[in-house]
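Student: Pasting a structure here, questions to come.
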Amino acid sequence: MSNGLLSDALARNWGWIVLRGVAAILFGILAFAMPGITLAALVLVWGAYALLDGLASLFAGFKIKMGGKPTWPLIVVGLIGIVAGICTFMWPGITALVLLTFIAGWALVTGIFQIVTAIRFRKVIQNEWMLALAGVLSVAFGAIMFLRPGAGALAVVWIIGWYALLIGLLQVMLGLRMKGLSDRLVAKPAGPMHA
C-alpha cells in the first residue's frame with residue numbers, strides 16, 4: 001500500500017486511537033479517585049479496561065489497511081487485550097501476584113507492538129514518536145511490575161493509575177495529530193482544473 005493510501009486510512013480512523021486514550025485516562029482517574037480500592041475491584045476495573053482497549057485495537061486493526069491487509073500488530077494487541085479481559089472476568093479471585101504478573105506481561109507485549117507499529121508508520125505520520133514513547137512506557141511499566149511484584153496493593157493502584165494516564169494522554173495526542181492529517185487531506189486542493 002502506498003504511503004498516501006495508508007495516510008488516508010489512518011486519518012479516517014483517528015477516533016479509535018483517541019477512544020483508546022480516553023479509556024486509559026478514565027481508568028487512571030478511577031485508580032486515583034479510589035486509591036483504597038480492593039484487589040477484587042481492581043481486577044474487574046482492569047479487566048473492563050483491557051477488554052475495551054482490546055476491542056478498540058481489534059476494530060482499528062481491521063479498519064486500517066496496509067497493503068490491502070489488516071494491520072496485524074493492532075489485531076494482535078486487540079486479541080491479547082480481549083483475552084486478558086475475559087480471563088480477568090472468568091477468574092476474578094486470582095491473587096495479587098498473579099494479577100501483577102498478568103498485567104506486566106500484557107504491558108510488555110502491548111508496548112513491543114506499539115513500538116513496532118510506530119516504526120512501520122514513521123514515514124506515514126508525523127510525530128510517530130508519541131506511539132513509540134507509549135510503547136516504551138508500556139515496556140518499562142511491565143518490566144517494573146515484573147521486578148517488583150510484591151509491592152503493596154495501594155502502590156500498585158498508583159503505578160497503574162499513572163501508567164494509564166500517561167498512555168492515555170499520548171494516545172489522545174497521537175489521535176488528534178492523525179485528525180489534523182485528516183483535516184489537511186480534506187482541505188488539500190484537488191489539483192489544477194483543466195479548461
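Student: Would you mind ranking MET90, MET66 by Cβ crowding within 10 Å, fewest neighbours first?
Tutor: So the residues, fewest neighbours to most, are MET90, MET66.
Student: Counting Lys +1, Arg +1, Asp -1, Glu -1, what net charge surrounds ALA118 among other residues with beta carbon under 14 Å of its beta carbon?
Tutor: +3
Student: Around ILE64, which amide H atoms from residues at least 5 apart in sequence, or from another chain, sit under 5 Å from its own amide H, with H modelled in the peptide plane?
Tutor: Placed amide hydrogens put THR71 under 5 Å from ILE64.
Student: Order these by the 10 Å Cβ neighbour count, fewest first: ARG120, ARG177.
Tutor: Ranked by crowding around the Cβ, least crowded first: ARG120, ARG177.
Student: I've got another one for you. Quick one: net charge of LYS65's neighbours, Cβ under 14 Å, K/R +1, D/E -1?
Tutor: +3
Student: Taking the beta-carbon count within 10 Å as an exposure proxy, list ASP53, ASP8 from fewest neighbours to most.
Tutor: Neighbour counts put them in this order, fewest first: ASP8, ASP53.
Here, each number is a calculation from the coordinates, and none is a lab measurement. Just so it is clear, the structure is predicted and the values come from calculations on it, not from any experiment. So basically every Cβ, Gly included, is an ideal-geometry build from the backbone, and we count neighbours across all protein chains shown.
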